[in-house]
Amino acid sequence: MESVTLEALPAEIKTAILYAITDLASLNAVVHASPSFHALYLSQRKQLLSTVLERCLQLPVMVDAVAALIALRGWQERCKAPKAALEAADEFLSKYIPLRSMLAPPYSYSAYEHLDQELDVYQSFASLTEDDLIEMARLHTMVEFILKEMVHSFLELRPDTQKPKEENVALSPPETFRMQRALYRLEIYRLLFSTRGLPWFEEQDRLSDIYVNSDDQWNLFLSLFTPWEMEEIRCAAMNLKCDGANLVGLEIDDEHRENYVSLGLGFLYHSIHVSSITCREERLLKQKAILRGTLSRAVYFIVDALDTIPQYEYGWDFGDEGTDGKTFLSDADWNSPNLAWTWCLINSPHEDASIELWRDLSNPLRKWGFLFWDEHRLKEWSLSPEMIREIQNSPVDKPSGRPYPFGWT
């Protein structure tokens with residue numbers, strides 16, 4: 001009996017197959033494998049994308065995925081008509097903070113203005129247009145793809161002696177949402193505060209209307225997050241900074257490496273694809289095309305904002321008298337730190353130790369994304385509190401000149 005091809009399947013079976021798919025990569029593969037599946041997909045694209053995205057986005061990630069779309073639409077509006085950066089950021093926060101209320105995050109003083117407001121993320125998701133869903137699927141595809149590269153890099157640098165080291169692992173749901181939300185938050189930050197690509201309208205003041213200083217960036221956006229969530233962002237940024245230059249095949253300094261992170265997830269996504277081209281001549285040509293114009297000016301993307309001295313209120317919220325992050329509850333608790341974070345705080349001599357840990361500019365644990373991994377993973381790797389603290393306190397050769405908070409390799 002001849003095997004049945006995809007094209008020969010009845011329409012109702014094809015429809016059932018499409019609606020049973022649980023991730024974007026598989027949906028993309030099926031749709032591009034068959035003209036009839038592609039036609040069926042186009043006829044029901046909105047519902048199919050909505051179904052798949054809702055399956056693959058955990059709640060703590062969906063909040064930031066919807067927020068990233070809101071930030072993107074706000075950035076696109078600023079490209080069409082003049083709007084002050086602070087006004088645009090305030091508009092974003094008036095939606096983002098109510099969206100985050102579904103997660104019941106620890107209290108942060110910077111959310112006070114919108115503290116009594118709630119916005120159901122599932123209702124917001126259900127109201128998205130087809131174009132919105134296409135954009136969200138595009139961004140999440142990039143997040144998932146870049147995440148694989150980031151995990152590979154972390155695994156290569158982890159400190160245990162297990163040989164051979166895995167090149168990849170199947171991430172647990174908590175490991176996935178920690179890494180994915182860090183990537184989404186980096187992209188949100190870029191859309192809110194990076195001036196790259198924004199037009200300058202004649203009626204705007206370049207400093208007061210377009211540029212937001214690092215203190216305001218921190219107070220408006222970053223101060224919403226706990227110290228360990230701030231560390232997630234720092235770890236992801238450090239990894240992307242180091243890998244970005246490697247992917248485009250250049251030996252460049254740290255200043256320009258940070259510049260690559262400021263170009264956004266789209267740039268990194270395309271860089272990864274280009275770096276995998278086996279033909280050297282074709283790869284070099286496409287790398288040059290991607291790089292054209294990107295080194296004209298380097299920026300300390302997010303560095304200065306992360307390095308801002310917190311206001312007293314932040315210390316009250318997340319210092320020793322607040323949500324101090326010293327207790328490991330569960331990997332499934334998206335508002336709590338992982339076990340490795342709490343190990344770093346055992347017998348810490350610092351006041352407000354959780355805040356000091358995030359502000360440590362040269363923490364060598366950052367290289368392998370220490371606070372992304374689950375309890376079972378740390379134990380599989382035979383890591384212990386003593387080993388973690390020994391690595392944490394090991395000397396680091398700092399480069400001369402400006403200290404680089406992202407870390408260095």
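Each reported figure results from applying straightforward, stated rules to the coordinates on display, with no laboratory input. If you're wondering where the values come from, they're calculated on a predicted model, not measured in any experiment. Quick reminder, even Gly has a Cβ in these numbers, built from the backbone with ideal geometry, and neighbours come from all protein chains shown.
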Checklist entry - What residue among D320, D131, D64 shows peak mean-square fluctuation when the chain is described by a Gaussian network model with Cα springs under 10 Å? => result D131
Checklist outcome for this item: Contact order relative to length for the chain, counting C-alpha pairs under 8 Å separated by 6 or more residues, stands in percent at 17 percent
Checklist entry - By how many degrees, between 0 and 90 and to the nearest 10, does the Cα long axis of helix 173-193 differ from the longest principal axis of the chain? => result 80 degrees
Next on the checklist: Could you tell me how far the Cα centroid of segment 326-343 sits from the Cα centroid of segment 307-323, in Å?
Outcome noted: 18 Å
Checklist outcome for this item: With N residues in segment 304-389, Rg(alpha-carbon) / (2.2 N^0.38 Å) equals 1.10
Checklist entry - Between the DSSP loop rule and a limit of at most 10 other Cβ atoms within 10 Å, which trypsin sites (Lys or Arg not before Pro) in segment 17-61 are left? => result none
Checklist entry - Taking 0.36 nm per intervening residue step and subtracting the Cα-Cα distance, what contour gain separates D215 from S330 on full extension? => result 38.1 nm
Next on the checklist: Compute the angle between helix 85-100 and the longest alpha-carbon principal axis of the chain, please, reported from 0 to 90 degrees and rounded to the nearest 10.
Outcome noted: 80 degrees
Checklist entry - Among F177, F201, what is the fewest-to-most ranking by other Cβ atoms within 10 Å? => result F201, F177
Item to check | Part-to-part distance (alpha-carbon centres) for segment 11-64 and segment 133-195, which is given in Å | outcome: 22 Å
Item to check | Over 23 Å between alpha carbons, listed pairs K241/K367; K148/K326; K241/K286; K148/K241 | outcome: K148/K326
Checklist entry - Out of I272, Y112, M150, whose Cα points farthest toward the positive end of the dipole of the chain (charges: +1 Lys, Arg; -1 Asp, Glu; placed on Cβ)? => result I272
Next on the checklist: What number results when the radius of gyration of segment 1-93, computed over Cα atoms, is divided by 2.2 N^0.38 Å?
Outcome noted: 1.54
Checklist entry - When the Kirkwood hydrodynamic radius is evaluated over all pairs of different C-alpha atoms of the chain, what value in angstrom, to one decimal, is obtained? => result 22.8 Å
Checklist entry - With the contact rule set at Cα under 8 Å and sequence spacing of 6 or more, what percent relative contact order holds for segment 40-199? => result 38 percent
Next on the checklist: So for each of 108-114, 121-127, 225-231 I average, over its residues, the number of other beta carbons within 10 Å; can you give me the resulting order with the highest mean first?
Outcome noted: 225-231, 108-114, 121-127
Checklist entry - For helix 227-247, what angle does its Cα long axis make with the longest principal axis of the chain, in degrees from 0 to 90 and rounded to 10? => result 60 degrees
Item to check | GluC sites (Glu not before Pro) restricted to segment 2-57 and DSSP loop, no more than 11 other C-beta within 10 Å | outcome: E2, E7
Checklist entry - Under a GNM of the chain (C-alpha, springs under 10 Å), which listed residue has the highest mean-square fluctuation: R389, R100, R178? => result R389
